[in-house]
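Engineer: Got a structure here, written out as structure tokens. Questions coming.
Derivation of every value follows stated rules applied to the coordinates shown; laboratory data play no part. Remember, it's a predicted structure, so these values are computed and weren't measured experimentally. With ideal geometry, Cβ positions are generated from the backbone for all residues, glycine too; neighbour counts draw on all protein chains shown.
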């Protein structure tokens, strides 16, 4: 609870300072933020809906058998591949990871999913190839995938 108070206190202080410095710029920033939020809202709601349905339809035992300890390293590889090919904002990925963890998924599997989600961009690769080149994009994604598996393994050992 103290953390929330500190965070909201800092946000409130920063907002107050922004309003004092320039009321117009603060208002403009809120309009930009609102437009960005409204633009991303449909995809956020779709992802939340899918996650809610999966967690609501599949009992924790099924989730645990698919991504829990009994699924072994195969589940970690599958989660890493899923993370690499999906495009989910971190804002959704972390609560999803927490829900899966509470439903019986292992730390290693969740770490692989979230890490590849952030470090590997299969969906964004075509755009990245145009800007940075094919060799760089492939190398970055392969190294990112390997690093994600190493990170997942280390997280599984530590936690």
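Engineer: Based on other C-beta atoms within 10 Å, arrange 146, 63, 110 from fewest to most.
Structural biologist: 146, 63, 110
Engineer: Considering Cα pairs under 8 angstrom that are at least six residues apart, work out the relative contact order of the stretch 59-159 and quote it in whole percent.
Structural biologist: 33 percent
Engineer: Equivalent-ellipsoid semi-axes (√(5λ), Cα gyration tensor) for the stretch 1-57, whole Å, largest first?
Structural biologist: That gives 32, 19, 4 Å for the three semi-axes.
Engineer: Now, a different point. Pairs of alpha-carbon atoms within less than 8 angstrom and 6+ residues apart define the contacts here; what relative contact order does the stretch 20-108 have, in percent?
Structural biologist: 36 percent
Engineer: Report the convex hull volume per residue for the stretch 44-90, counting only C-alpha atoms, in Å³.
Structural biologist: 77 Å³
Engineer: By what distance, in whole Å, do the Cα atoms of the stretch 59-159 stretch along each of the three principal axes, largest value first?
Structural biologist: Ordered largest first, the stretch 59-159 gives principal extents of 44, 24, 19 Å.
Engineer: Still on this structure: Place a point 7 Å from the Cα of residue 40 along the Cα-to-Cβ direction; which residues of the stretch 125-144 have their backbone N under 16 Å from it?
Structural biologist: The answer is none, because no backbone nitrogen lies closer than 16 Å to the label point.
Engineer: Multiply the residue separation of residue 78 and residue 55 by 0.36 nm, subtract the distance between their alpha-carbon atoms, and state the gained length in nm to one decimal.
Structural biologist: 6.5 nm
Engineer: Evaluate the distance, in nm, between pseudo-label points positioned 7 Å from the Cα of residue 5 and of residue 25 along their respective Cα→Cβ axes.
Structural biologist: 3.2 nm
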